[in-house]
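Have a look at the structure below, then the notes.
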Amino acid sequence: MNKNLKEQVLRSSGVNVLKCMRCGKCSATCPSYDEMEYHPHQFVYMVEKGDIGTLMKSESIYKCLTCFACVERCPRGVEPAKVVEAVRLAAVRQQGGNRLEPTDIPALLDEDLPQQAIVTAMRKYAK
Amino acid sequence: MQRIGVFVCHCGTNIAATVDVKAVAEALGHEAGVVIAQDYQYMCSESGQELVKSAIREQKLTGVVICSCSPRMHENTFRKAAASAGLNPYLVEVANIREQCSWIHKDIATATEKAIILGKAAVAKVALNTPLTSMESPVVKRALVIGGGIAGIQTALDIAEAGFDVDIVEKNPTIGGKMAQIDKTFPTLDCAACILTPKMVEASQNERITIHSFSEVEDVKGFVGNFTVKIKKKARFVDETKCTGCGLCTEKCPMKKVPNEFNMGLDNRSAIYIPFAQAVPKVATIDPNYCMMLKTGKCGVCSKVCSAGAIDYKQQDTIIEQQYGAIVVATGFNPIKLDKYDEFAYNQCPDVVTSLELERLMNAAGPNGGTLLRPSDKTHPHTIVFVQCVGSRCDDEKGKPYCSKICCMYTAKHAMLIREKYPDTEVYVFYIDVRTPGKNFDEFYRRAVEQYNVHYIKGMVGKVTPKSDGKIDVQASDLLANEQLHINADMVVLAAAIEPDKTARPLATMLTTQMDTNDFFTEAHPKLRPVESATAGIFLSGACQGPKDIPETVAQGSAAAAKAIGLLCKNSITCNPCTAHSDELMCNGCSSCEKVCPYGAITYIDKEFRMPDRTTKIRRVASVNPAVCQGCGACTVACPSGAMDLSGFSNSQIMAEVDAICK
């Protein structure tokens, strides 16, 4: 367990993972559930345990759509999406570089892609 | 010449571990008027009290200061001890050096300094104390029960059984409350109506019980033993004394499209109605919001068909005033509204129902005559999903922070009943925790799982989506299997959180009783005085105090009755002599005190005064009825001219305490 990493994730997310009552409504509501190796409720629990390294290595951190359905519906106000984002940020920072550079974007564009997706992508994949 | 004794208690280590009690006694011994200052391990013990008593006798004390726990705890103990040694009990002061000092401080030096200051304040006050004598006040031998559900009925029956008159005030046209709407009761699965309706009849037939149905409490004045209550009997446009409850009017009424609240709006009733067949009193009521005669003046069918001549379209609300010795609150609960939970599609899909609605759907007297059918298309549901904790245990503004306590058990009951009656139905229950403490409760839940094969899944439903084919997609998580499920359901049942009835809050204001942040009434002590409110003479029965199932509600109803009976048995009660009084020469007749008095103890009188020039002048001055005054002191603070003063807590005593603290 990496104490510094846990503290960093808790601080940057502003989430109190101890408020979770393990109901699983976040994972029940998650539209990306099937894409994820670790699900929203697992993120909250694993951060509580301090098992952040495993999450950082998982592709799950990039599968979260940041749709905030879990944040909206969590009965305890835990805000799991913020935890996922904090772990993602920790991973991006540790890699020392962005997963997505602005110069990469033109090649990825297609007509059906909403502008919002580009903004979200920058938010998710860059420092 | 003052001769004050100071007694400092160690309270074992409760005080002595944080406060240097010997230093406190030593310091207070030097205060003016103090002739003896002692410390002792347990001042409230018999030998501790003996210490106080012998000091009163030997030192001829004129005042006693006990530095100990809160006066709520032992003020009475020491007052009694003083009285038995011949000192007026109101010459005893308690300095709270436990709750307000040793328990909240860690540093011995600071705590000791504070304890000395608190002690000095008490010494300064006791020097100004005067002997006070308690008066007796008679007890009206009649009780009022507010709310006619199972809690109120049980309380009323028990009080009547003891030989006292009791009135039930029920805001609905019939007593019976929520239990009347329930189909079966856990954990025995006996029929709710079969055990409730005999009690309703018993209440109506007991000559000591008067039922004021369709009535509300309008105003409460007075105090323990002598409350004056105004009850509004709402106009039901039917003469209760004439109506025989034959129900012909309800059949003939042409206005039949009124949502039936007894069936949770799942079917309709007529504008003139009797809530259900076993209603008590079995009297019709006209709903003025729907009655054509009352709205437009054209109809009058019910009046024509009523052979008893009971219909009275001109009936008005009437107010009755009655004296009571004790009041029992039994205002009950309601399920919360689910409007804010869009994810469960309660407002979009008629086949998503609350548990109380399911009770009506399964009840033989319900909209489908006891056959469970989907509200949308009246077909048999084959897959039913139950969702627990909807709005309970929520840390947001949408729900309630507490566990509603009854949902786990009634859901197990529903699931079991459905599997028993319709074995081809698949039943899923999504739970966070299954909470079944109670006699035979966990066995009941296990029976649902093991014998009836109800699928209990640990997890929560995230989204309910009505589909075009009439089915409902339930998206949920199965935490133990670590998967997300989609169940193709026919019906979804939501276990909505329960909350206190909306009438409880204004009632608490009228009764000057306390409520918690969730609007449940607060008991006088959470463990040791669970059925009394902090206001003397007001007792609590049933779910108005917290979520409860039927067995607990009945137990609490009887407990509240026992407490009320204990009060009604007395011919008189000792009044608090610490009451307010007004200096008529200083009173300017402004009415400020009258407005703030919660007990209605202050009236204004016109009084003749002789002026210095030998003329007379009539002035309006405040007059306090000491039998009604409870000594709260609100008037002394409100009085702009300083005319109002409180015996035992006079303005000069309070200022002396403040001076001693600030010195």
Inset, instruction - Given the conditions (1) more than 14 Å from chain A (Cβ to nearest Cβ); (2) closer than 26 Å to residue B:485 by Cα; (3) outside any loop (DSSP other than H, G, I, E, B), report the number of the one that residue B:457 does not fulfil. - result: (1)
Legend entry - Single condition residue A:81 does not satisfy, out of (1) in contact (Cβ under 8 Å) with a residue 24 or more places away in the chain; (2) over 17 Å from residue A:12 (Cβ atoms); (3) within 14 Å of chain B (Cβ to nearest Cβ); (4) not in a loop (DSSP other than H, G, I, E, B): (2)
Inset, instruction - Taking residue A:17 as the residue in question, decide whether it is at pLDDT 95 or above, away from every other protein chain (no Cβ under 11 Å) and surrounded by 23 or more Cβ atoms within 10 Å (Cβ to Cβ). - result: no
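For residues that are away from chain A (no Cβ under 14 Å) and within 11 Å of residue B:344 (Cα to Cα), tally how many sit in the range B:460-478.
Residues of the range B:460-478 away from chain A (no Cβ under 14 Å): B:466-472.
This time we only want the ones that are within 11 Å of residue B:344 (Cα to Cα), so: B:466, B:472.
Residues flagged as away from chain A (no Cβ under 14 Å) and within 11 Å of residue B:344 (Cα to Cα) within the range B:460-478 amount to 2.
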Legend entry - Cross-chain or 6+ apart pairs with Cβ under 9 Å, the range B:67-88 first and within 18 Å of residue B:575 (Cβ to Cβ), then part of a helix (DSSP H, G or I) and small (Gly, Ala, Ser): B:88/B:82
Inset, instruction - Please work out which one of (1) surrounded by fewer than 20 Cβ atoms within 10 Å (Cβ to Cβ); (2) part of a loop (DSSP other than H, G, I, E, B) is the condition residue B:294 fails and give its number. - result: (2)
Legend entry - Residue selected from the range B:333-345 under the condition in contact with a strand residue (DSSP E or B) (Cβ under 9 Å, 6 or more places away or on another chain), part of a loop (DSSP other than H, G, I, E, B) and within 14 Å of another protein chain (Cβ to nearest Cβ), by the criterion nearest to residue B:502 (Cα to Cα): B:336
Legend entry - In the range B:422-476, the residues that are surrounded by fewer than 17 Cβ atoms within 10 Å (Cβ to Cβ), under 32 Å from the mean Cα position of the chain (by Cα) and either under 13 Å from residue B:388 (Cβ atoms) or of a type in the set (A, V, I, L, M, F, W, C) (or both): B:433
Legend entry - Residue ID - nearest to residue B:215 (Cα to Cα), chosen from residues in the range B:501-530 that are of a type in the set (Val, Ile, Thr) and surrounded by 13 or more Cβ atoms within 10 Å (Cβ to Cβ): B:503
Legend entry - Contacts under 9 angstrom Cβ, first residue in the range A:54-67 being more than 13 Å from residue A:35 (Cβ to Cβ), partner among the aromatic types (Phe, Trp, Tyr), 6 or more apart: A:54/A:38; A:55/A:38; A:55/A:43
Inset, instruction - Please specify each residue of the range B:584-593 satisfying the condition of being outside any loop (DSSP other than H, G, I, E, B) and of a type in the set (S, T, N, Q). - result: B:592
Inset, instruction - Scan the strands (runs of 3 or more DSSP E) fully inside the range B:159-243 and keep the ones with 1 or more residues being closer than 30 Å to residue B:371 by Cα. - result: none
Inset, instruction - Could you figure out which of (1) more than 9 Å from chain B (Cβ to nearest Cβ); (2) of a type outside the set (Asp, Glu); (3) under 19 Å from residue B:462 (Cα atoms) isn't true of residue A:76? - result: (1)
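If you scan the range B:139-158, which residues turn out to be in a strand (DSSP E or B) and either among the charged types (D, E, K, R) or in contact with a Gly (Cβ under 8 Å, 6 or more places away or on another chain) (or both)? Lay out the reasoning, then the answer.
Here is the first cut: in the range B:139-158, the residues in a strand (DSSP E or B) are B:142-146.
Correct list: B:142, B:143, B:145, B:146.
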Inset, instruction - Could you tell me which residue of the range A:28-53 is surrounded by the most Cβ atoms within 10 Å (Cβ to Cβ), considering only residues that are without any contact (Cβ under 8 Å) to a residue 24 or more places away in the chain, within 12 Å of chain B (Cβ to nearest Cβ) and part of a helix (DSSP H, G or I)? - result: A:28
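Would it be correct to say that residue B:283 is assigned to a loop (DSSP other than H, G, I, E, B), within 30 Å of residue B:190 (Cβ to Cβ), aliphatic (A, V, I, L, M) and in contact (Cβ under 8 Å) with a residue 60 or more places away in the chain?
Numbers: assigned to a loop (DSSP other than H, G, I, E, B): yes; within 30 Å of residue B:190 (Cβ to Cβ): yes; aliphatic (A, V, I, L, M): yes; in contact (Cβ under 8 Å) with a residue 60 or more places away in the chain: yes.
Against the criterion (assigned to a loop (DSSP other than H, G, I, E, B), within 30 Å of residue B:190 (Cβ to Cβ), aliphatic (A, V, I, L, M) and in contact (Cβ under 8 Å) with a residue 60 or more places away in the chain), residue B:283 qualifies.
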Inset, instruction - Considering every residue within the range B:489-512, establish whether at least one is in a strand (DSSP E or B), within 22 Å of residue B:393 (Cβ to Cβ) and touching a His at 6+ places or on another chain (Cβ under 8 Å). - result: yes
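Let's see how each residue does on (1) assigned to a loop (DSSP other than H, G, I, E, B); (2) polar (S, T, N, Q):
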| site | (1), (2) |
| --- | --- |
| B:595 | no, no |
| B:600 | yes, no |
| B:607 | no, no |
| B:612 | yes, no |
| B:620 | no, no |
| B:626 | yes, no |
| B:630 | yes, yes |
Legend entry - Those residues of the range B:602-631 which are surrounded by 18 or more Cβ atoms within 10 Å (Cβ to Cβ) and hydrophobic (A, V, I, L, M, F, W, C), in sequence order: B:602, B:621, B:622, B:624, B:628, B:629
Legend entry - Complete set of residues in the range A:54-77 that are acidic (Asp, Glu) and assigned to a helix (DSSP H, G or I): A:72
Inset, instruction - Tell me, yes or no, whether the range B:479-500 has at least one residue that is surrounded by 23 or more Cβ atoms within 10 Å (Cβ to Cβ), at pLDDT 95 or above, over 20 Å from residue B:422 (Cα atoms) and facing another protein chain (nearest Cβ under 10 Å). - result: no
Inset, instruction - May I ask you to list the residues in the range B:380-395 that are out of contact with any Cys (no Cβ under 8 Å at 6 or more places or on another chain) and outside any strand (DSSP E or B)? - result: B:380, B:381, B:382, B:391, B:394, B:395
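The values are calculated or read from the model by the stated rules, or taken from the named source; none is laboratory data. This one's a predicted model, so the numbers in the text were calculated from it and none came from an experiment. Please note: Cβ atoms are built from the backbone with ideal geometry, for glycine as well, and neighbour counts cover all protein chains shown.
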